[in-house]
Ligand SMILES: *Cc1c(COP(=O)(O)O)cnc(C)c1O
C-alpha cells in the first residue's frame, strides 16, 4: 500500500514483526556472522544480499536510507557520513578524471569548493553557470565529455530557487542526468524526481535531522536515467567492472545500477559511512519532519514580512514573499512553503551587523542552519571573514548579508528578539 509522506516519516524503513522492537534498533556492530565460508563468498560476489561489514551496509543505516528513499520516491538511497560526501559521491560515481560537469554557481560554499578546487585535483573539470542566463548561453557549456548537471532546489545561503524542470529538460537534451541537492526544501516541500530530476542529494545534517545532533548526507536515485542509451559516456556503469569479477552494473542490477556501484566501489574504497548511532538520531528527526517544515515556513514568512517593513533593513531575500523575484518559481515547485532560511541585509556597515548579532538574546550565532533553534550567521564576519567587501561581492556574497535560519519557537518571541537587537544598533 502506498503511504502518504506523513506516514512514511513515522513508519518508513522499519516495519517490526511479532516481538521485534517497535523503535529502530542501533546495530552497533562492525560485522555480521555467517555459518559457512560459502555463504560469505556469495556475499562478496554480490550473488546474495546480506550484511557483512558496516562500511558497506548496516541494518540501522539501511532502514533510514529506505525511509528517505520512500520520501523522495526513488529506487535506491545510500547514506553518507556528511552532505559533502554525498555530493562528492553523487558526481564522482559517474564523472572521473578527464570528465567534465556543469553546476549552478549559486550553490553552498562547501560544494563550490569541492567541485571547483578539490575535485580538480582528481582530474575532473567543472563549469559554473548562472541559472539566470538564457538557455542558449548555458547550453554552450555542454561538451562531449560532460557527465552531469548540478543545482540546489533552494540555494544556501542566497535562497535562490532552481528551475528543476527547465534544467532537467536541458540536461536530458544533452544526454546527461540532473543532480539536485534538495537539502533546504526536503521532500516534504519538494520532490525533484516529479520534475524530471534524476538524482537527489541531501545534507541530512539540516532539516532532516532538525536538532543539530549529527552530520550526515544521502544520495537517492530515481532510477529513471537510461545509462545504457549513453553507454559510451558511462563506461563505469555499462562495461564490466574488473574489481567485481567483470560484473556490469546496468546488466546485473537494472535501475539499481547507480546506487549499487556507489556502494560497491565508492563506499568500499573511500568509506564515508555514517555511524549507526547517527542514523538512529537522524531517524528520530525524520519522524517529525512533516510537522516541523510547515512551522519553519510559517514562522519564516512572518519574519520575512516583518523584516521587509523594517526601516533598518536594506533588503530581504525569501522566496515565500510575494515581492520576491523567485516567488513564481517557489509557487510552482513548493506551493506549501520553501524553508526557514532568510537572507537579508541591514542598512549600515559590517560593524552594525556585528552589533545587531551580539545584541540577540536566545537567537544564537552558529555556523549551522536549518534546525529547531533560530540562528544567524554573518558570512562577512565568519565564514568569509578574510575577504574585503569587494572580494565578497565578487564571490556573490553581499558584505551585509545576514543568514537567518528561522526555527520553530513562537514567532512573536523570534520577532521580539530581532526587534530588541535592532533597537540597540
Ligand atoms: C550544509 C550543506 C551541505 C554540506 O553538508 P554537510 O552535512 O555539512 O557536509 C551541502 N549542501 C547544502 C545545500 C548544505 O546546506
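The values are calculated or read from the model by the stated rules, or taken from the named source; none is laboratory data. This is a predicted model, so every value here is computed, not measured. Here the Cβ is made from the backbone with ideal geometry for all residues, glycine too, and neighbour counts use every protein chain on show.
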If residue 118 satisfies every condition in (1) more than 18 Å from the chain's Cα centre (by Cα); (2) more than 16 Å from the ligand (Cβ to nearest atom); (3) modelled with pLDDT of 95 or more but one, which is the exception?
-> (2)
If you check 98, 109, which single one turns out to be closer than 17 Å to residue 148 by Cα and out of contact with any helix residue (DSSP H, G or I) (no Cβ under 8 Å at 6 or more places or on another chain)?
-> 98
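Okay, residues lined up against (1) closer than 28 Å to residue 51 by Cα; (2) within 16 Å of the ligand (Cβ to nearest atom); (3) part of a strand (DSSP E or B):
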{"residue": "209", "(1), (2), (3)": "yes, yes, no"}
{"residue": "232", "(1), (2), (3)": "no, no, no"}
{"residue": "250", "(1), (2), (3)": "yes, no, no"}
{"residue": "258", "(1), (2), (3)": "yes, no, no"}
{"residue": "268", "(1), (2), (3)": "yes, no, no"}
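Which is assigned to a strand (DSSP E or B) and away from the ligand (no atom under 16 Å from the Cβ), of 356, 362, 344? Please lay out each step first, then the result.
On the way: 356 fails: assigned to a strand (DSSP E or B); 362 fails: assigned to a strand (DSSP E or B).
The conditions single out 344.
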Every listed condition ((1) assigned to a helix (DSSP H, G or I); (2) at pLDDT 95 or above; (3) within 14 Å of the ligand (Cβ to nearest atom); (4) out of contact with any helix residue (DSSP H, G or I) (no Cβ under 7 Å at 6 or more places or on another chain)) holds for residue 184 save (1)
Looking at residue 35, is it without any contact (Cβ under 8 Å) to a residue 24 or more places away in the chain, over 24 Å from residue 253 (Cβ atoms) and either more than 20 Å from the chain's Cα centre (by Cα) or surrounded by fewer than 17 Cβ atoms within 10 Å (Cβ to Cβ) (or both)?
-> yes
Selection within segment 386-424 - part of a loop (DSSP other than H, G, I, E, B), farther than 20 Å from residue 159 by Cα and modelled with pLDDT of 85 or more = 409, 410, 424
With the checklist (1) surrounded by 13 or more Cβ atoms within 10 Å (Cβ to Cβ); (2) more than 23 Å from residue 185 (Cα to Cα) in hand, flag the one item residue 388 doesn't pass.
-> (1)
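On the given criteria, is residue 112 within 30 Å of residue 304 (Cα to Cα), out of contact with any strand residue (DSSP E or B) (no Cβ under 6 Å at 6 or more places or on another chain), within 16 Å of the ligand (Cβ to nearest atom) and not in a loop (DSSP other than H, G, I, E, B)?
Values: within 30 Å of residue 304 (Cα to Cα): yes; out of contact with any strand residue (DSSP E or B) (no Cβ under 6 Å at 6 or more places or on another chain): yes; within 16 Å of the ligand (Cβ to nearest atom): yes; not in a loop (DSSP other than H, G, I, E, B): yes.
For residue 112, the condition - within 30 Å of residue 304 (Cα to Cα), out of contact with any strand residue (DSSP E or B) (no Cβ under 6 Å at 6 or more places or on another chain), within 16 Å of the ligand (Cβ to nearest atom) and not in a loop (DSSP other than H, G, I, E, B) - is met.
If you check 64, 91, which single one turns out to be farther than 18 Å from residue 179 by Cβ, crowded, with 24+ Cβ neighbours inside 10 Å and in contact with a helix residue (DSSP H, G or I) (Cβ under 9 Å, 6 or more places away or on another chain)?
From the options 64, 91, the qualifying one is 64.
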Conditions (1) more than 10 Å from the ligand (Cβ to nearest atom); (2) touching a strand residue (DSSP E or B) at 6+ places or on another chain (Cβ under 7 Å); (3) more than 18 Å from residue 327 (Cα to Cα); (4) part of a loop (DSSP other than H, G, I, E, B); number of the one not met by residue 168 | (4)
Where residue 160 falls short, out of the listed (1) within 16 Å of the ligand (Cβ to nearest atom); (2) at pLDDT 95 or above; (3) under 19 Å from residue 332 (Cβ atoms) | (2)
